[in-house]
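Worksheet: one structure, shown below.
Here, each number is a calculation from the coordinates, and none is a lab measurement. Only a predicted model underlies this, so the values are computations on that prediction, with no experimental measurement involved. Cβ atoms come from the backbone with ideal geometry, glycine included; neighbour counts cover every protein chain shown.
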Amino acid sequence: GDGGAGGVWRRPRSRTCRIASSPLAVATNKGLSHRGSLAGSCLADRCLWDKLHAQPRLGSDPTFDWFFGYEEAQGLLLPLLQEARAACPLRVLDVGCGTSSLCTGLYTKCPHPVDVLGVDFSPVAVAHMNSLLECGQGQTPLCPGHPASRLHFMQADAQNLEPVASSGSFQLVLDKGTWDAVARGGLPGAYQLLSECLRILSPQGTLIQFSDEDPEVRLPCLEQRSQGRTVTVQELGPFRGITYFAYLVQASD
């Protein structure tokens, strides 16, 4: 990409939609770089993620993040949440949350009231996050950044969110690497994921996909399937030498 964090990305001529060739190969948590060896695996396989989330965590951090964590994303998220304060608390869904710090960070550090739901198809990941929420691992209690904020975790397939989310019920939907993982099993699955995210998104809501995939690959995919919404991209980072992208899908003006 061109420019630094938040810089303007210039579209190249190529508009070919293809499956990502950079499959979450970079693990960023301290002491867990061995997880980057998943590059040759089918990242759409639930059993793989169950095994991954069952691995012991090194050090004191109970969460694990692909790409980056809440601290790196808050500069983008907090202004969006501040602008959308009309709905109190703001409903936020993290699809494919895994054991990321994104949900817990929003819950504990966002000064605005948020009702955060993290969903993942791995029961191991959901059990870990629920135990963290219930302070079952010796961690200090999670205190909300706003008294009205709430946090929940549920097992669900991001390609079929009907059991946990009605249409238009969330103002902010977050996808940090989930498209990348699902697309490893084929683009139809990724398109179904996008369709579900847009179904549950409120008319004036925002879907954000965080990825290391270049805009020349991702933008055509999103623009073709965004159902008339506007798609924009912002650069994030570089974090640890890698530039990431935030793809925002929002209502057209």
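What to note about this one:
- Gyration tensor (alpha-carbon) shape descriptor, the stretch 94-240, a/c threshold 1.5: prolate
- Coil-residue trypsin sites (Lys or Arg not before Pro) of the stretch 184-253, DSSP, other Cβ within 10 Å capped at 14: Arg240
- Table column - 3J(HN,Hα) (Hz), the stretch 76-81, Karplus curve with 6.51, -1.76, 1.60, x for Gly and Pro: 8, 6, 4, x, 5, 5
- Note that the stretch 109-118 has calculated 3J(HN,Hα) couplings of 10, 7, x, 9, x, 9, 10, 9, 10, x Hz, one per residue in order, obtained from phi through the Karplus relation 6.51 cos²θ - 1.76 cosθ + 1.60 (θ = phi - 60°); glycine and proline are x.
- The stretch between Glu223 and Thr140, if pulled fully straight at 0.36 nm per residue, gains 25.6 nm over its current Cα-Cα span.
- Between the amide H of Val173 and those of Leu93, Thr206, Leu207, Ile208, distances stay under 5 Å, these residues lying 5 or more places away or on another chain, with hydrogens modeled in the peptide plane.
- FRET efficiency for Ala127 and Asp253, using Cβ-Cβ distance with R0 set to 41 Å, rounded to 0.05: 0.45
- Put simply, the amide H of Gly145, placed in the peptide plane, has neighbours under 5 Å in Thr108, Lys109, Cys110, leaving out anything fewer than 5 places away on its chain.
- Three-way shape label, the stretch 157-253, alpha-carbon gyration tensor, a/c 1.5: prolate
- Each of Ser131, Ser100 was scored by other Cβ atoms within 10 Å of its Cβ. Listed from fewest to most, they are Ser131, Ser100.
- Exposure proxy shown here: for Val114, Val124, the number of other Cβ atoms within 10 Å sets the order, fewest to most, as Val124, Val114.
- For Gly168, nonlocal amide neighbours, meaning residues 5 or more places apart or on other chains whose placed amide H falls under 5 Å from its own, are Ile200, Leu201.
- Charge sum, other residues only, whose C-beta stays under 11 Å from Arg91's C-beta, Lys/Arg counted +1 and Asp/Glu -1: 0
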